[in-house]
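Values quoted throughout were computed directly from the atomic coordinates according to the rules given, and no laboratory measurement underlies them. What you are looking at is a predicted structure, and each value in this text was computed from that prediction instead of being measured. No Cβ is skipped: glycine too gets one built from the backbone with ideal geometry, and neighbour counts run over all protein chains shown.
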Amino acid sequence: MSAEVGAARTDWERATDEVVEYLRALIRIPSVNPPDGGPVLAAGRDPRGGETAAARYCAEILSGAGISAEVLESEPGRGSCFARLSATVPDPQPPLVLLSHLDVVPVEADPWSRDPFGGELVEGVVWGRGAVDMKDMVAMELGVMLALAREGGERSRDVIFAAVADEEAGGLFGARHWVERRPDVFRGRDGRPAAAALNEVGGYSTTVGSRRVYTIQVAEKGIIWTRLTATGTTGHGSMPHPDNAAVKLAAAVARLAAEAHPARLTRVVRDFLDALGLDGVAEAAKRGDEERLRAELERATADPVLRRSLDAMLRDTVTPTVIRVGQKMNVIPGFGQAEVDVRTLPDTDQLALLEHLTGVAGSDVRVEAVLTLPPITWPADAEIVQLMVAALGRADPDGEPAPMMITPGTDAKALALLGIPTYGFAPLRLDPDVPFLSLFHGHDERVPVSALRFGLPVLHEVVRGFVSA
C-alpha cells in the first residue's frame, strides 16, 4: 500500500512551520552535557535538568496529539522521551525506531553572533546550540510522528520515538542505559528488536564541483577514548629537575600527535568518493601515496572541513584534546593527565592499536582506555536504504544519494548491542555555501528553514513506506 492510500494528506508547509517552532523551543532549553558543569557551559543558563526538560517538552507535544509518551530518567535530570505509535495489523513486523538525542555540547558564548540558546528565527534561518546537532532531527521526528497519527492508515510496524539523553558523552545515561536496563523500549510487543532505526548525521547534501550528493550513513568509526597519566616529584619551580609530570605528559602527547597513521580505503568510503567524483583521492588512498592524497584532496575540495572529514574517513586518527597538569606557576607538578580521542576504521584491531599507542607514548606515562566502542557497518542495500534513495530521487532528481561512513560516533553503537541496524538519515538540502560540517559543535550553529522544508516530507516518506501495511 502506498503512503497515500487510506491516509489523509499532510499539509507540509504547515507541518514544517510546526517543526520550526518545536526546534526553536528545544533550543531554548539548555540541555548541555555535562549538566553539572555550571552556567559557564550554557551561556549563563543553568543546565541542570535540561535533558529532562527537553524530554518533557517532547512528551507534551506527542501527548497533545493523542500519542502516549513517557519520560524516563536514568538519574535525576537525565531524562529521555519514549513514545510508540502501534501497528494496526494483528501480527505486526518488528518496529522502526526514530532515534535522536536531546543533549548538546557546551558553548563559548562570546564568539557567537546570536544568543546560543535564543532559538532565533532570522531571515529563514534558525540559530542556536542544537540546531544541527541534533535538535533539528528531534523536531523532524516529532513532525513525522504527528503526521503519521493525523493521517491514519494501516501500519505493519510500531513506530518508536526515542529522544535520549547523554549521547555527547557516550550514552551511559541515555541510549546505552536503556539498551541495558529497558531493552523493551526498543522492541516490539512480541519481544523482537526493531528492524531498523533512523538516526542523526546522514541525509544532508554536500556539493563537490557540480555534484550534489546526499549522504546516507551506513557505517561509523570505532572509538577508543584514552587517558594518559604521568606522575613525578613535586618541587619549587625555581629548581628544575627531570621528574616533572608536565614534561613527561607533554612529550607523550607530542609523540602521539606526531605518529603517522596510513590511509586505507574501505568499501563504503570508496563508494562515497566515487559518488563525489573523487577518483583521484580513492586511487591515492588505495596506493598508499600520502603526497598524492594530500594533493588530490586540496585540488578537489575547496572546503577545508570537508577535506579533513574525507581524510579522517581514510585512516585511524589520534587527537589529543585535554591536558590537565599543575596547579601553580612556581610548583613543579607531581601529577597530570591528558585525554586523547582515538577513532578507528572498521577493519582496525582496536586492542592492537591501543598497545601500539602505549608504546608510542612511552614508559613515562600510563595509558588506559576509558571508553571503547567498536566500529559498525550496516548493509547499504537494505530495504530502508532503498526507500531513502527513492525518496531523495523524487524530491531532488538532480541529487545523488550515496552511502558513507561518518567519523564521529553516535547512539547507533548502543542499539547495535540489540542487533538493530541504525542508519543516519536527517535529510536536508543545503546550498553549497552553508558550512554545515563546521557547525557541528561549532560557533553560530544554525539550520536553514528551507532545508527542514525539504527534509521533513522526505523523512516521512521513508518512514511511511517502511511501516505501511
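Order of Glu51, Glu298 from fewest to most other C-beta atoms within 10 Å? Don't skip to the end; give the middle numbers.
Numbers: Glu51 32, Glu298 11.
Going from sparsest to densest Cβ surroundings: Glu298, Glu51.
For a distance above 25 Å, tell me the whole-number percent of Cα pairs in segment 221-373 that qualify. Intermediate values should be presented prior to the final figure.
On the way: 4901 of 11628 pairs.
Roughly 42 percent, rounded to a whole number.
Please turn the phi angles of segment 21-31 into ³J(HN,Hα) values with the Karplus equation 6.51 cos²θ - 1.76 cosθ + 1.60 (θ = phi - 60°), one per residue in order, whole Hz, x for glycine and proline.
5, 4, 4, 4, 5, 5, 4, 6, 9, x, 8
Calculate the dipole size of segment 221-373 relative to its Cα centre from +1 charges on Lys and Arg beta carbons and -1 charges on Asp and Glu beta carbons; express the result in debye to the nearest 20.
360 debye
Amide H to amide H under 5 Å from Thr422: which residues, 5+ apart in sequence or cross-chain, H placed 1.01 Å off N in plane?
Ala197
Regarding the chain, what's the average projected area of the Cα-atom convex hull, expressed in nm²? Walk me through the numbers before you get to the answer.
Details: hull surface 92.1 nm².
For the chain, averaging the hull's shadow over all directions gives 23.0 nm².
Around Ala254, under 13 Å between beta carbons, what's the net of Lys plus Arg minus Asp minus Glu among the other residues? Intermediate values should be presented prior to the final figure.
Working: positive: Lys248, Arg255; negative: Glu259, Asp364.
Local net charge: 0.
Run the reach check for Lys328 against lysines, Cα to Cα strictly under 30 Å, same-chain hits fewer than 8 apart removed. What comes back?
Result set, ordered by chain and number: Lys248.
Could you work out the helix-only [θ] at 222 nm for the chain, with each DSSP H run of four or more residues adding -39,500 (n - 2.57) and the total divided by the number of residues, to the nearest 500 deg cm²/dmol? Intermediate results must be reported in sequence, preceding the final value.
Values: 14 runs with 161 residues, N = 469.
Calculated mean residue ellipticity at 222 nm is -10500 deg cm²/dmol.
Compute the projected area of the convex hull of the Cα atoms of segment 141-192, averaged over all viewing directions, and report it in nm² to one decimal place. Provide the component values of the computation, followed by the final result.
On the way: hull surface 17.8 nm².
With the hull built on Cα positions only, its mean projection is 4.5 nm².
Give me the base-10 log of I(q)/I(0) for segment 315-400 at each q in 0.13, 0.22, 0.26 Å⁻¹, Debye formula, one uniform scatterer per Cα, rounded to two decimals.
Debye curve over Cα of segment 315-400, log10 I(q)/I(0) at q = 0.13, 0.22, 0.26 Å⁻¹: -0.66, -1.09, -1.29.
Describe numerically, in nm with one decimal, the distance between label points set 7 Å from Cα along Cα→Cβ at Asp431 and at Arg292.
Each label point lies 7 Å from its Cα, and together they span 3.8 nm.
Enumerate the amide H contacts of Leu371 below 5 Å, restricted to partners 5 or more residues apart or on another chain; note that Pro and chain-start residues carry no placed amide H.
Those lying under 5 Å, H to H, from Leu371 are Trp225.
How would Asp311, Asp46, Asp398, Asp103 line up from fewest to most surrounding beta-carbon atoms within 10 angstrom?
Working: Asp311 18, Asp46 12, Asp398 8, Asp103 28.
Listed from fewest to most nearby Cβ atoms, that is Asp398, Asp46, Asp311, Asp103.
Give the angle, between 0 and 90 degrees and rounded to the nearest 10, that separates the Cα long axis of helix 50-64 from the longest principal axis of the Cα atoms of the chain.
Value to nearest ten degrees: 10.
Could you name the lysines whose alpha carbon sits less than 19 Å from that of Lys286, not counting residues in the same chain fewer than 8 places away?
The qualifying lysines are Lys221.
In the neighborhood of Thr422, defined by Cβ-to-Cβ distances under 15 Å, what is the net charge if each Lys or Arg adds +1 and each Asp or Glu adds -1?
Working: positive: Arg176, Arg187, Lys221, Lys413; negative: Glu141, Glu167, Glu200, Glu220, Glu383, Asp411.
Summing Lys/Arg as +1 and Asp/Glu as -1 gives -2.
Of the listed peptides 400-409, 160-169, 280-289, 364-373, what is their order by residue-averaged count of other C-beta atoms within 10 Å, with the highest listed first? Provide the component values of the computation, followed by the final result.
Details: 400-409: 22.2, 160-169: 25.3, 280-289: 18.4, 364-373: 16.2.
Highest mean packing first, the order is 160-169, 400-409, 280-289, 364-373.
Find which of Leu439, Pro193, Ala139 sits farthest along the positive direction of the dipole of the chain, computed with +1 on the beta-carbon of Lys and Arg, -1 on that of Asp and Glu, about the Cα centre.
Checked the options; the winner is Pro193.
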